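Asker: Please find one structure pasted underneath; my questions will follow.
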Amino acid sequence: MTRPEAVLFDCDGVVVDSEGPTLALFVRELAEHGLLLTLETFEADYLGQTVEMVARQATEAGARLPDGWVAQFYSQMNDLLIAGVPLVPGVVAVLDRLDAAGVPYAMGSNGSLAKMKITLGQHGIEGRFRAVLSGQALGAPKPAPDVYLAAAAACGVRPEACVVIEDSAMGARAGLAAGMRVLGYAAHGARTPTAVSVAALGVPLFHRMEDLPGLLGL
């Protein structure tokens, strides 16, 4: 791969290792409201969506969600994350390599800004990114390309000169729609439902953050 002029990261599952507990909370909550899903099914059908998008799709699938459920879920999720969430192994070393190479980087997520302040703030890395952007806050969550186009602009780089690092098909579609190259981070192998859906978009997968600098030509 030609060395990019900027690297744009998703947050959950790519920089912050928060998806395990968050997905488990979704599955428990939806089960309590009449929609029984396995973790694998939730990952395949819902990963990468905002809570509002999950609520709409789950309601269409038969969940009986009360008024105010979205706000209640955000509160529960934030409490869970405040208790502590690790970074993805090896991601700090990747940021160090990008800094050493003079390659700017930014973050584009479907998560809320409040959520990212919680998770990134625990590790003191929020300020390392040129911008930390939320598709929700922009009013155009992924798979719309807006959040990645805004991230590229924050880095002062043309979209086609950026590489996006994603772990969901929703996010990968956003990067592709922005005209960017996309790499899929598949920490649990190429056969998980999410990895299969990302690869189906023609996005190359990698499995260890330690391998990313080489893939970026650094």
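The values are calculated or read from the model by the stated rules, or taken from the named source; none is laboratory data. Nothing here was measured: the structure is a model prediction, and the numbers come from that model. Here the Cβ is made from the backbone with ideal geometry for all residues, glycine too, and neighbour counts use every protein chain on show.
Asker: Going by what's in this entry, would Val163 be described as at negative phi and outside any helix (DSSP H, G or I)?
Answerer: It is true that Val163 is at negative phi and outside any helix (DSSP H, G or I).
Asker: Can you list residue pairs whose Cβ atoms sit under 6 Å apart, with the first residue in segment 141-157 being under 14 Å from Gln49 (Cβ atoms) and in the same structural domain as Phe129 (by TED's automatic domain parsing) and the second being basic (Lys, Arg) and crowded, with 20+ Cβ neighbours inside 10 Å? Count only pairs 6 or more apart in sequence or on different chains.
Answerer: Within 6 Å, the pairs are Pro143/Arg173.
Asker: Separate question: Condition first: of a type in the set (Gly, Ala, Ser), modelled with pLDDT under 95 and either under 20 Å from Ser197 (Cβ atoms) or touching a Ser or Thr at 6+ places or on another chain (Cβ under 9 Å) (or both). Can you find one or more residues in segment 35-45 that meet it?
Answerer: Checked segment 35-45: at least one residue is of a type in the set (Gly, Ala, Ser), modelled with pLDDT under 95 and either under 20 Å from Ser197 (Cβ atoms) or touching a Ser or Thr at 6+ places or on another chain (Cβ under 9 Å) (or both).
Asker: From the list Leu39, Leu30, Leu98, Leu35, exactly one residue is of a type in the set (A, V, I, L, M, F, W, C) and loosely packed, with under 14 Cβ neighbours inside 10 Å. Which is it?
Answerer: Details: Leu30 fails: loosely packed, with under 14 Cβ neighbours inside 10 Å; Leu98 fails: loosely packed, with under 14 Cβ neighbours inside 10 Å; Leu35 fails: loosely packed, with under 14 Cβ neighbours inside 10 Å.
The unique qualifying residue is Leu39.
Asker: From the residues in segment 125-181 that are farther than 27 Å from Val85 by Cα and acidic (Asp, Glu), which one is surrounded by the most Cβ atoms within 10 Å (Cβ to Cβ)?
Answerer: Among those residues, the one meeting the criterion is Asp146.
Asker: Still on this structure, I have one more. Output the qualifying pairs, or none if there are none: Cβ atoms under 8 angstrom, residues six or more apart or on different chains, first residue in segment 87-102 and at pLDDT 95 or above, second residue surrounded by fewer than 14 Cβ atoms within 10 Å (Cβ to Cβ).
Answerer: That search, which allows pairs on different chains as well, returns Gly90/Arg208; Gly90/Glu210; Ala93/Glu210; Ala101/Arg3.
Asker: A follow-up question, please. Take Ala58 and decide whether it is in contact (Cβ under 8 Å) with a residue 12 or more places away in the chain, surrounded by 13 or more Cβ atoms within 10 Å (Cβ to Cβ) and either under 26 Å from Ala178 (Cα atoms) or in contact with a Gly (Cβ under 6 Å, 6 or more places away or on another chain) (or both). It would help to see each step written out before you state the result.
Answerer: Numbers: in contact (Cβ under 8 Å) with a residue 12 or more places away in the chain: yes; surrounded by 13 or more Cβ atoms within 10 Å (Cβ to Cβ): yes; either under 26 Å from Ala178 (Cα atoms) or in contact with a Gly (Cβ under 6 Å, 6 or more places away or on another chain) (or both): no.
No.
Asker: Identify, please: which residue in segment 4-33 is part of a loop (DSSP other than H, G, I, E, B) and at pLDDT below 95 and is, among those, nearest to Ala174 (Cα to Cα)?
Answerer: To start, the set of residues in segment 4-33 that are part of a loop (DSSP other than H, G, I, E, B) comprises 4-5, 10-11, 13-15, 17-18, 33.
If we keep only those that are at pLDDT below 95 as well, we get 13, 17-18.
Values: Gly13: 16, Asp17: 21, Ser18: 21 Å.
That would be Gly13.
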